[in-house]
Amino acid sequence: MEMKKRINLELRNKAPEEVTELVLDNCRCVNGEIEGLNDTFKELESLSMADVELSSLARLPSLNKLRKLELSNNSISGGLEVLAEKCPNLTYLNLSGNKIKDLSTVEALMETKMMRMKKMKLVRLKDMRRRRRTTTRRTRRRTMKQAQNLERVKRKWASHT
């Protein structure tokens, strides 16, 4: 199914201004470009275009409220600077399975809100790892104490018989 038709189906008798989430996975785009998506989707917060044979983001409209963008399994190899200017509030981006060969392609995104958020999440993950490590140590100590107590009880019962 073509992207334009899929967008019309996904609208489900809603106006484009009312839609907050749009899933266009596995539909086909013509010439590797976005079609049917325009500036009228002002409230769009989540957009998924996984496996749509997309090779360019040049026709991406301005989506100021977009926070989540799924672009996995496409043929995108560059032109990501469009995301920084068209989607300033992006906090989640999946580019896995694309034809990006080096990190210089992603450098345009480094100053967006998305990358600042990503750095914050990494710090939180480190804190969680520390907590998990100490929790694991506590659990190990508790298990050792329980095993020692069990041995003591076994010895006590063995001496009474």
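Brief remarks follow.
- Only residues that are in a helix (DSSP H, G or I), modelled with pLDDT of 60 or more and either among the charged types (D, E, K, R) or surrounded by 10 or more Cβ atoms within 10 Å (Cβ to Cβ) (or both) were counted in the stretch 104-147, giving 16.
- Within the stretch 10-29, if we keep just the residues that are aliphatic (A, V, I, L, M) and surrounded by 11 or more Cβ atoms within 10 Å (Cβ to Cβ), the residue that is farthest from the chain's Cα centre (by Cα) turns out to be LEU11.
- Residue that is nearest to ARG6 (Cα to Cα) [pool: residues in the stretch 54-83 that are touching a Lys or Arg at 6+ places or on another chain (Cβ under 8 Å) and surrounded by fewer than 17 Cβ atoms within 10 Å (Cβ to Cβ)]: PRO61
- Filter result for ASN26 (of a type outside the set (Ser, Thr, Tyr) and within 17 Å of VAL82 (Cα to Cα)): no
The values are calculated or read from the model by the stated rules, or taken from the named source; none is laboratory data. These numbers come from a predicted model, not from an experiment. We place every Cβ from the backbone using ideal geometry, glycine too, and count neighbours over all the protein chains shown.
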